[in-house]
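Peer 1: Submitted below is the structure of interest, expressed as C-alpha cells.
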Amino acid sequence: MGSLKNFLGKKKYIKIPLVYTATNHLELVAQINGVKGRFILDTGASNTCVGFDKIEFFKLTSQESQIKAAGAGATNMETLIATNNKIVLGAWKKKNLKIVLFDLVHVNEALISHKALPVDGIIGADILKKANAVIDYKKLCLYLKNT
C-alpha cells in the first residue's frame, strides 16, 4: 500500500503543513489578499473568519451581515462580511472568498492564557469543503485540491 501523500499527489492535491499547538489546535499560515497571517484550522467552523481588528491588515472591505457567530463559549456575536477576497494556503488558491468578520478577542485571550500565540482568524469548513480537504493528523498535513 502506498502513502497518503503519494496517493493524493497523483490526484493533484496540494500539501500544506500544519502545526499542532500547546492548546491542541492545528495552525497554519494563510495569505489573504496578499497578507500572511496565522490561522486555526477548525472543521467545526462553518465559515472562514477574521477578527475585526484585522480588517485593514488583510485589506478587507466589510459590509453589514445578518449572520450571528457562536463559538468558544460566546453566542449571538455580531458579524460583518467581506466578499471578493483571495486566499492562498501553500500553493492552493481561491478567489472570490467570503470571509466572516467578528470579535476574536475571547479566542485570543484563551490562547494567550494557555501560553499560545494569538491568531488572526479561522480557516473553516467552507474552504475544506470547496477543496475536498483531507487532514493527515499523524503527519500534520492538510491536503487541498484546486477545483
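The values are calculated or read from the model by the stated rules, or taken from the named source; none is laboratory data. From a predicted model like this one, the values you see are computed outputs, not experimental measurements. Ideal geometry is used to build each Cβ from the backbone, glycine not excepted, and the neighbour counts take in all protein chains shown. Areas reflect the complete protein model, heavy atoms only, side chains present, ligands, DNA and RNA absent. Shrake-Rupley method; radii C 1.70, N 1.55, O 1.52, S 1.80 Å.
Peer 1: In the range 122-147, which residues have a backbone nitrogen under 16 Å from the label point lying 7 Å from residue 93's Cα in the Cα-to-Cβ direction?
Peer 2: 145-147
Peer 1: For an R0 of 41 angstrom, estimate the FRET efficiency from the Cβ-Cβ distance between residue 105 and residue 3 and round to the nearest 0.05.
Peer 2: According to the calculation, E is roughly 0.50.
Peer 1: Output the peptides 42-51, 15-24 sorted from most to least packed, where packing is the average of other Cβ atoms within 10 Å over each peptide's residues.
Peer 2: Most protected by this proxy first, the peptides run 42-51, 15-24.
Peer 1: Could you sort 100-106, 110-116, 85-91 so that the peptide with the highest average Cβ count within 10 Å comes first and the rest follow in order?
Peer 2: Packing proxy ranking, top to bottom: 100-106, 85-91, 110-116.
Peer 1: Note down the relative contact order for the chain as a percent, whole number, built from C-alpha pairs under 8 angstrom at least six residues apart.
Peer 2: Contact order relative to length: 31 percent.
Peer 1: Quick check: pseudo-label points 7 Å beyond the Cα along Cα→Cβ at residue 36 and residue 53, how many nm apart are they?
Peer 2: 2.1
Peer 1: So with the 1.4 Å probe, I'd like the accessible area per residue for the range 1-50, rounded to whole Å².
Peer 2: 59
Peer 1: I need the per residue convex hull volume for the chain, using only the alpha carbons, in cubic angstrom as a whole number.
Peer 2: Each residue corresponds to 102 Å³ of Cα convex hull volume.
Peer 1: On the protein heavy atoms, probe 1.4 angstrom, tell me the percent of accessible surface of the chain carried by carbon and sulfur.
Peer 2: Carbon and sulfur atoms account for 53 percent of the accessible area of the chain.
Peer 1: If Lys and Arg each add +1 and Asp and Glu each add -1, what is the summed charge of the other residues whose beta carbon sits under 14 Å from the beta carbon of residue 107?
Peer 2: Local charge sum for residue 107: -4.
Peer 1: Can you tell me the relative contact order of the range 73-122? Whole percent, Cα pairs under 8 Å, sequence separation 6 or more.
Peer 2: Computed over the range 73-122, the figure is 28 percent.
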